[in-house]
Amino acid sequence: MPENFYIHLPFCRSKCRYCAFPSIAVDTVPEKEYLAALVAEFKFRRRSLPGLAAPVSTLYFGGGTPSLFSPSFFSAIIDFFDQENGFSAVPELTLEANPADIHSEQVKGYLQAGINRISLGAQTFIPAGLRRLGRRHDAFDIYKAFTLLRKAGFGNISLDLIYAWPGQSLDDLLFDLNKTADLAPEHVSAYILSYEPGCAITKDLEAGKIVPVGEGLQLKMMRLLEDSLDKAGLCRYEVSNFSRSRRFQSQHNLAYWQLKDFVGLGAGACGGRRLRQDYGHWVERYCNISDPYLYMQHLIGSGCQQPESGRNSALWSLTETVDLGGAFTEALMMGLRLRRGVDLTRLRAEYGSVPVAAALAKAEALRKEKLVDFDQERFWITAEGLYLTDSIISRLV
Ligand code: SF4
């Protein structure tokens, strides 16, 4: 089976006010050391996860801010995977980028390295919103970066938006959606702002300095989002993700939502792999230590000279196992986020027909409310139920 790899690059120039991702603010990125640590982790994972040698079908550089790294860093990793595993016929190689970092030389370098998909963190085109969110780019940077990427030849660009930030009106969101339509990306990810513990914006909320967007307005925003993006030719295929056609759906994220095996490398990265039933559990999952300097220290020591280090992985990576029932619940929760729903045939093959029948029996009440539907092959949330996805899922599990 082809492999899906996620590589976490947890360095940023400054911390956004809403950010709960594992990342730290730095002036200089330790490229050479981090690359050595990633290679050391790959070798460790290969020893501990037998079969990790299939061609790579998706490789996703997330962060943090991957665009702080030079094109030669990505060339080195992609060449490494090419030698070690090779790539599938049409691999998807995504890089997350901050509009402030995009310059023409660098864009050409990314293309030459083999990156074929860019996820551009726009978030909003409104200056007051960018300030609220603590982004370090301005609206002009978004247009400039997008145009440079297109001119250089990137034919698969995803734009990230955040909505329902404090003070945002329906007209503000419409403005963002019109600007998005003008740029005509192949893919859009649009998430409601969430207030995560410890973030600067959450502290503002707790101190009463900002007023969150109420539920009624949030609902109107969700409807506006779907209508506007639909008119722009971008169809929802997951609760928060839209694409111009099936071809441009994020293959990497689909693997994640469908609970397929994936390998995460880097500080703060997680990975998961299904095991055979006779191992006594169903999924083995690991999450690496989030401090990149401790991660590098454990993987390579101080001088990039110890490729066999990292053996005592308990010091830098936590492993947990999920039993069959837990894995089934996760598969249902993730799969129902997709518009096409969960594949019942696959679910029966992987988890047995008993839990599937029990879940469908539980879903009967929701079906009567026209919030979900199912046939022999699929189980999905209806258009009416879409805006209640979280509560529907909580009633099912
Ligand atoms: S760029 Fe992304 S990872 Fe970095 S601080 Fe902002 S939201 Fe967090």
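Round to a whole number: what % of the accessible area of region 3-257 belongs to carbon and sulfur, probe 1.4 Å?
Carbon and sulfur atoms account for 54 percent of the accessible area of region 3-257.
Hey, any idea what Rg/Rh is for region 328-396, computing Rh the Kirkwood way over Cα pairs? Walk me through the numbers on the way to the answer.
Numbers: Rg = 10.7 Å, Rh = 11.7 Å.
For region 328-396, the value is 0.92.
Keeping all protein chains in place and using 1.4 angstrom, which order do CYS16, CYS235, CYS199 fall into by accessible surface area, from largest down?
Details: CYS16 30, CYS235 65, CYS199 10 Å².
My answer, sorted largest first, is CYS235, CYS16, CYS199.
Within straight cross-link reach of LYS231, meaning Cα distance under 15 Å, which aspartates and glutamates are found once same-chain residues fewer than 8 apart are removed?
Cross-link targets: ASP176, ASP182, GLU186.
What is the Cα centroid distance between region 77-111 and region 14-56, reported in whole angstrom?
15
Between GLN258 and THR28, what length comes free when the chain is fully extended (0.36 nm per residue of separation minus the Cα-Cα distance, one decimal in nm)?
Working: separation 230, 0.36 × 230 = 82.80 nm, distance 3.65 nm.
Length difference between fully extended and current span is 79.2 nm.
Contact order normalised by length for region 194-278, with contacts defined as Cα pairs under 8 Å and 6 or more residues apart; what percent is it?
Details: 46 pairs, mean separation 8.6, N = 85.
This gives 10 percent for region 194-278.
What does the accessible area per residue of region 344-397 come to in Å², with a 1.4 Å probe and no ligands, DNA or RNA counted?
Using a 1.4 Å probe on heavy atoms only, each residue of region 344-397 averages 54 Å².
Can you list the lysines whose alpha carbon is less than 18 Å from that of LYS108, not counting same-chain residues fewer than 8 positions off?
LYS144, LYS151
In deg cm²/dmol, rounded to 500, what helix-only [θ] at 222 nm does the chain give when every DSSP H run of at least 4 residues adds -39500 (n - 2.57) and the total is split over its residues? Don't skip to the answer; put the middle values down first.
On the way: 14 runs with 161 residues, N = 397.
It lands at -12500 deg cm²/dmol.
Can you give me the distance in nm between label points at ALA54 and SER245, each placed 7 Å from the Cα along the Cα-to-Cβ direction?
Between ALA54 and SER245, the simple spin-label model gives 2.7 nm.
Residues in region 85-120 near a label at SER72, defined as backbone nitrogen under 17 Å from the 7 Å Cα→Cβ point?
The answer is 105-114.
Can you tell me the length gained on complete extension of the stretch ARG378 to LEU170, counting 0.36 nm per residue apart and subtracting the Cα distance? Walk me through the intermediate numbers first.
Values: separation 208, 0.36 × 208 = 74.88 nm, distance 3.48 nm.
Length gained, ARG378 through LEU170: 71.4 nm.
At a probe size of 1.4 Å, how large is the accessible area of ILE157, to the nearest 10 Å²?
0
Counting only protein heavy atoms and using a 1.4 Å probe, what share of the accessible area of region 328-396 belongs to carbon plus sulfur, as a whole percent? The partial results should precede the final answer.
Details: 1940 of 3440 Å².
Carbon with sulfur: 56 percent of the solvent-accessible area.
For a quick check of understanding: with a 1.4 angstrom probe and all protein chains in place, what accessible area in square angstrom does TRP165 have, to the nearest ten?
10
Report the extension gain between ASP82 and GLU369 in nm, rounded to one decimal, defined as 0.36 nm multiplied by the number of residues separating them, less their alpha carbon distance. Each step should come with its number before you reach the end.
On the way: separation 287, 0.36 × 287 = 103.32 nm, distance 5.06 nm.
Once the chain is fully extended between ASP82 and GLU369, it gains 98.3 nm.
Using the basic label-point model (7 angstrom from Cα toward the beta carbon), what is the LYS151 to HIS103 distance in nanometres?
1.5
From the Cα gyration tensor of region 3-257, with a ≥ b ≥ c the square roots of its eigenvalues, which class applies: rounded if a/c is under 1.5, or else prolate if a/b is larger than b/c, or else oblate? Please list the in-between numbers first.
Numbers: a/c = 1.76, a/b = 1.49, b/c = 1.18.
Prolate shape, in that a/c is at least 1.5 and a/b is the bigger ratio.
The values are calculated or read from the model by the stated rules, or taken from the named source; none is laboratory data. This is a predicted model, so every value here is computed, not measured. Virtual Cβ from ideal backbone geometry, glycine too; neighbours counted across all protein chains shown. When the accessible area is computed, the model is the full protein with side chains, heavy atoms only, and any ligands, DNA or RNA have been set aside. Shrake-Rupley method; radii C 1.70, N 1.55, O 1.52, S 1.80 Å.
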